[in-house]
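Heads up: the structure comes next, in structure tokens.
The values are calculated or read from the model by the stated rules, or taken from the named source; none is laboratory data. Everything numeric here is computed off the predicted structure, so don't read it as measured data. Backbone-built Cβ (ideal geometry, glycine too); neighbour counts: all protein chains shown.
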Amino acid sequence: MNLRLQMLAPAAVLGITLALGSGAQAATADDSRLQQQVEQALQAAQLRHADVHAVVVDGKVRLQGWVDAPNDVLQAMRLTAAVPGVDGVTSDLRTWRSSERYY
């Protein structure tokens, strides 16, 4: 009987690993779709001199890149927060006029 338990253990571990793996793929697909939606919203807003990219992990968005002025950082963050499915927004944006990060 002890041998039988040893043979079942790897199968049980494999089942758990597969279940976790498929959930991670679903989250990645959702994050990828959300990234596209955020970047489309930012492009549609036509921020002047903007080069902004979104990094999405578990629905949380981090904006990276460059914008024209500090007001544009706030606008980009507001636009991003308005996209359905976004759970939070942080910014690593910089302005062309300064290399400082805002917000």
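Data table
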| read-out | value |
| --- | --- |
| Boolean, ALA24 is under 12 Å from SER91 (Cβ atoms) and either at pLDDT below 90 or in a helix (DSSP H, G or I) (or both) | no |
| In the stretch 46-68, the residues that are of a type in the set (A, V, I, L, M) and crowded, with 16+ Cβ neighbours inside 10 Å | LEU47, ALA50, VAL52, ALA54, VAL56, VAL61, LEU63, VAL67 |
| Any hit, the stretch 31-41, residues being in contact with a helix residue (DSSP H, G or I) (Cβ under 9 Å, 6 or more places away or on another chain) and modelled with pLDDT of 90 or more | yes |
